[in-house]
Amino acid sequence: MTAARLLRISRLRLRSLFQKYRADAELARELAFHFDALVQENLAAGMAEKAARQAAARTLGNASLLEEQCRDQRRLTWFHDFKGDARYALRMMRNNPGFTAIAAASLALGIGAHTAILGAIDQMAFGALPFRDPDRIVRIRTYSFDDPQQNVNASLPDYFAFKEQTEVFERIGCALADQKNLGGSENGEPPERIYGQGFSSGVFEALGVRPLLGRTFADTDFQRGPPRVIVLSYRLWQRHFRADPDVVGKKIALNGSPVEIVGVMPRDFRFAEEPPEYWVPLSPVRNSLQAGVRYYVIVARLKRGRTITQAQGELDRVAAQLARDFPETHVGWGARVQPLREALFGWITQPLLTMEGAVALVLLIACANVAGLLLARGESRRQEIAMRVALGARRGRILRQLLTESLMLSLLAAILGLAVAWLGLQALVKLTPPPAAPRLMDIPLNLRMLVLAGVTAVITTIVFGAGPAFTIERTFVFSRVPGATSGRRQTPVVRAMLLSAQIALAFVLLVCSGLFMKSYARLAGRDLNFDPRGVLTFDFRVPVDRFLRVEGEYRGFPYMAVDPSARDRLQRILESVRRVPGVESIAGISNPPVNSLIVPTLSVQREGAAAPAGDTAYFLVTPNLFATLKTPFIRGRDFDERDTPGAEWVAIVNETAARKVWPGEDPIGKRFTLDSVPDDRPRQVIGIVRDIPTRSRSITPEPVIYASYVQQPSRYRLPWATILGQMTFLVRTSGSPMSLVAPVARAVAEVDPEIAAANIAPVTQYTEPAMRELFFFSAIMAVFACFAAGLAAISAYGALAYSVSQRTHEIGIRISLGASPGAIAAMMARWTMGVAGTGAVVGVAGALVLTRLLESQLWEVKPADAGTFTSALILLLAAAASACVLPVRRALRIDPAAALRSE
Amino acid sequence: MPKPSDLLQGTLDLLILKSLHREPLHGWAISKRILQLSDDVLCVQQGSLYPALHRLEQQGWISAEWKETDLGRSAKFYSLTRDGKRQLERELESWRRLSSAVGLLLKRA
């Protein structure tokens, strides 16, 4: 098509669209001219004036039909039809406010929730990332073949092997979590504990980011010893340096030594789970203290044109080589390449997809519900449609009108849905547990979401509108005569199918939400065996370079001498905090009691037994821990001043350890050894305590051994050597724990001004986050499920009420022939319960398949949990039964005489 | 006399385009021109003519303009566009192919 022709055609279309009346007038003039020419011709042939005009009119035929046919050539009829249909649809909506409200509200909730969640997913999958060529950035994770789903970071031998034995990467670097004490700033901000990362050379380059101010690290910055330069995060720059534009080049005290600020990163820069506050150079050394532990985050940039698959191939080869080089630590371990987006968002994708699944079900139910309403309304529009057909409307035209009405409905719903989506996103941000929130916060209600809502609305229209439109059209077009009641009756079957489908879908949702709620209840109802009220906790870590010194290697791990100064430090913290007014008691434990992260485990060798008794969790504690937590002793005693390093080494075990390691025996007085180091001495069990949970997301207790932090060997191997210098202190307070935050921090600072107390917060910081997350999740699912069940019940009610009104005559006859009220009620309810039963059977089958997908998100509940299925079934059938009550009552009240007269 | 529906599909378009080949004409004149050039054989009814004219206009082959007739009345004159001329060539070509094929068939069969 030439450009000139295209231009000409578009001008004509626009003219017919916007100057319709002018175009129509011209058409009339054109035909009038023709008419006059005909008349002239007839006159010239000798006819009289009147006869000439009549003959001309006969020749011209049906003038308005001709005009119509000419107008049809403009190819815009559909548009004008649509305008008319839309106006008619709006009038119908105004005239049926109840129908419109129910239909639009249920669709709006579905469309809105769907838009919100897809918007969040869209942002994660396609949102801009603040990196150059983000699709070439990967993270390298390792995993144990025993638990391949669990991604673990890498050790230094891994890092050097990946760096030296591969060629797909343009740059590769490693990062390590770090924390430092930041001295007060010149504008008076107090000293604080900050959490950041060490970045080796190559990390900034692999990520391809530019600083907001200053520079990132130069090669000369990577030196052994404490860092001399630091890059600040936007947050730290704003908070601690009050966004000082001249901050680059200034010196600050980091762990007491002066460090130069060389740069500030942009606000949105982050690539790890917790946004760090600063970055310092990291110079990994093969045999360093922490070489063996898998703590290092590896980031790489693929060479241009290289693929993830190629990189994975190389990593598989390197992992096999590592297993040969370091059999002690690397046999049974693999490595995997993770694209950046997956590394950033992978963990939240599954919950979002689950919600999306639930929302899709809700939307389907809403569609089925509206389809049922449309069908019911279609019956009452029988006359109108038959009239249209009689006046010459074609089938397609009637379908189009019915679909336009559906489309108007879903567009209204989409507009309302956008409001729902906006509210939903706010709720997602507010209610999502902290680590996810900052990322979700960035989701704007953008053009894409508008498009998404629009597309959803159109698809929804087709889903709920097409079926009823075809059914109505087919049912009523055949019964051409206005007012005729005969004709094929397909609507009851279609309605029954719709209702069954809704009940099946609602059942699936009820089961899913039931499983989540049960999960939550199990977790919330577990016995902590301690009293968390009034307990303040804080962490204290002596830097490893102050108390650990490498002596050699043992089983692939560095082996180190432990300096007793760390223990003295911890001891002095105990004494210093105990003097704070309001502190009732204080004790310490090497890892938080309810800990979602790594818990050290050691193998236990019973005295006299041939084989080790298995792995147990291992904590170092101070005396008085169980009294502070109010954890009951079953038997025996706590650690006290008798248990000095020189006295006999002792241990306390929990119930589960007592049962598992010494089955059928009394553990008190028994001895055992731990495989931590060769010179760990045998320990005698002096007490048994109730199980305190060790993991925040498990209710199955695991065996635990508590040892005194003073009765420890002077040499230790990694990875657990660091527990000798770290403590989570638990402070039982007489008043509100939060009021003691400042005094406790001061008391800690008195002991060591360089090491601040970290994570000062009530002990609930360890017990609650997992529960909040699960609560949030099960609450959302419960809302969806209740909504779905409610919609299904409304549908059931609607269908039955309609059936009663249709069968008034028949019921009247039955009553007058002596049918008992019970028989009438049974007859009416049978249909609904049959439909509900069918739906439930389909629902059970669907739920059995679908809930298996949720297995990894459930705690301590099987996906095919019989109790949940039964309760969901009872709930749904009860809802269906209660939907029968009103229609059945109406059926029973039918006056036979009146009913018989009615027709 | 054949009715318009007896005309081969697409022939009406060809006749209209061809009749506009020399000069712009209004609808009445087009029907007269076709009648006259075909020695009163082809009579195009207005019921077919005007939809066809509007279709050709909407397709961009012909353009319309309001002008005075010789008798001083204003009428809608149609003329070939540049694209319309090329379209006429194409239609003529396919018509020649068709009629020669039909001619051959009638001669040999």
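Does residue A:55 meet the test of being over 30 Å from residue B:81 (Cβ atoms), away from chain B (no Cβ under 13 Å), among the aliphatic types (A, V, I, L, M) and exposed (fewer than 12 other Cβ atoms within 10 Å of the Cβ)? Outline the logic, then answer.
On the way: over 30 Å from residue B:81 (Cβ atoms): yes; away from chain B (no Cβ under 13 Å): yes; among the aliphatic types (A, V, I, L, M): yes; exposed (fewer than 12 other Cβ atoms within 10 Å of the Cβ): no.
No.
If a residue must be facing another protein chain (nearest Cβ under 10 Å) and surrounded by fewer than 13 Cβ atoms within 10 Å (Cβ to Cβ), how many such residues does the stretch A:11-28 contain?
1
Test each condition in (1) modelled with pLDDT of 80 or more; (2) aliphatic (A, V, I, L, M); (3) surrounded by 19 or more Cβ atoms within 10 Å (Cβ to Cβ) for residue A:497 and report the one that comes out false.
(3)
Just to check your reading of the model, which residue among A:792, A:785, A:707 is at pLDDT 80 or above and touching a strand residue (DSSP E or B) at 6+ places or on another chain (Cβ under 6 Å)?
On the way: A:792 fails: touching a strand residue (DSSP E or B) at 6+ places or on another chain (Cβ under 6 Å); A:785 fails: touching a strand residue (DSSP E or B) at 6+ places or on another chain (Cβ under 6 Å).
One residue alone meets the criteria, A:707.
For the stretch B:69-79, give me each residue that is part of a strand (DSSP E or B) and within 12 Å of chain A (Cβ to nearest Cβ). Give the steps one after another, and end with the answer.
So the first thing to find is which residues in the stretch B:69-79 are part of a strand (DSSP E or B), and the list is B:74-79.
Listed by number, the residues that qualify are B:74, B:75, B:76, B:77, B:78.
So residue A:70 fits all but one of (1) at pLDDT 85 or above; (2) hydrophobic (A, V, I, L, M, F, W, C); (3) farther than 30 Å from residue A:18 by Cα; (4) surrounded by 14 or more Cβ atoms within 10 Å (Cβ to Cβ); what number is the exception?
It is condition (3) that residue A:70 fails.
Just give me the residues in the stretch A:651-673 being within 21 Å of residue A:593 (Cα to Cα), surrounded by fewer than 20 Cβ atoms within 10 Å (Cβ to Cβ) and in contact with a strand residue (DSSP E or B) (Cβ under 9 Å, 6 or more places away or on another chain), in sequence order.
A:655, A:656, A:660
So residue A:594 fits all but one of (1) touching a Pro at 6+ places or on another chain (Cβ under 7 Å); (2) in a strand (DSSP E or B); (3) not small (Gly, Ala, Ser); what number is the exception?
(2)
Results for (1) without any contact (Cβ under 8 Å) to a residue 60 or more places away in the chain; (2) of a type in the set (Val, Ile, Thr), shown as yes or no for each residue.
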{"position": "A:68", "(1), (2)": "yes, no"}
{"position": "A:83", "(1), (2)": "yes, no"}
{"position": "A:97", "(1), (2)": "yes, no"}
{"position": "A:102", "(1), (2)": "no, yes"}
{"position": "A:113", "(1), (2)": "no, no"}
{"position": "A:123", "(1), (2)": "no, no"}
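Looking at (1) in contact with a strand residue (DSSP E or B) (Cβ under 8 Å, 6 or more places away or on another chain); (2) within 14 Å of chain A (Cβ to nearest Cβ); (3) over 24 Å from residue A:75 (Cβ atoms); (4) buried (at least 19 other Cβ atoms within 10 Å of the Cβ), which is the one condition that is false for residue B:19?
Just one mismatch for residue B:19, condition (2).
Hey, among B:84, B:47, which residue is crowded, with 19+ Cβ neighbours inside 10 Å and within 12 Å of another protein chain (Cβ to nearest Cβ)?
Among B:84, B:47, only B:84 is crowded, with 19+ Cβ neighbours inside 10 Å and within 12 Å of another protein chain (Cβ to nearest Cβ).
Hey, which of the helices (runs of 4 or more DSSP H) in the stretch A:218-335, taking only ones fully inside, have at least 2 residues that are hydrophobic (A, V, I, L, M, F, W, C) and free of Cβ contacts under 8 Å to residues at least 12 places away in the same chain? So that I can check it myself, show each step before the final result.
Details: elements: A:234-240, A:308-325, A:327-330.
Where helices (runs of 4 or more DSSP H) fall fully within the stretch A:218-335 and carry at least 2 residues being hydrophobic (A, V, I, L, M, F, W, C) and free of Cβ contacts under 8 Å to residues at least 12 places away in the same chain, they are A:308-325.
Assess whether residue B:104 counts as being more than 13 Å from every other protein chain (Cβ to nearest Cβ), over 15 Å from the mean Cα position of the chain (by Cα) and more than 25 Å from residue A:75 (Cβ to Cβ). Walk me through how you get there before you give the answer.
Values: more than 13 Å from every other protein chain (Cβ to nearest Cβ): yes; over 15 Å from the mean Cα position of the chain (by Cα): yes; more than 25 Å from residue A:75 (Cβ to Cβ): yes.
Yes; evaluated as a whole, the condition is true for this residue.
Is one or more of the residues making up the stretch A:564-571 assigned to a loop (DSSP other than H, G, I, E, B), modelled with pLDDT under 90, assigned by TED's automatic domain parsing to the domain that holds residue A:726 and within 19 Å of residue A:724 (Cβ to Cβ)? It would help to see each step written out before you state the result.
Going through the stretch A:564-571, the residues assigned to a loop (DSSP other than H, G, I, E, B) turn out to be A:564.
Now drop any that are not modelled with pLDDT under 90, which leaves A:564.
Checking the rest, the ones that are also assigned by TED's automatic domain parsing to the domain that holds residue A:726 come to A:564.
When the remaining residues are screened for being within 19 Å of residue A:724 (Cβ to Cβ), the result is A:564.
The answer is yes, given that some residue of the stretch A:564-571 is assigned to a loop (DSSP other than H, G, I, E, B), modelled with pLDDT under 90, assigned by TED's automatic domain parsing to the domain that holds residue A:726 and within 19 Å of residue A:724 (Cβ to Cβ).
For the condition within 28 Å of the chain's Cα centre (by Cα), surrounded by 12 or more Cβ atoms within 10 Å (Cβ to Cβ) and not hydrophobic (A, V, I, L, M, F, W, C), what is the one hit in A:80, A:114? Full working, then the answer.
Numbers: A:80 fails: within 28 Å of the chain's Cα centre (by Cα).
One residue alone meets the criteria, A:114.
The values are calculated or read from the model by the stated rules, or taken from the named source; none is laboratory data. These numbers were taken from a predicted model, which means no experiment stands behind them. FYI the Cβ positions are ideal-geometry reconstructions off the backbone, even for glycines, and counts take in every protein chain you see.
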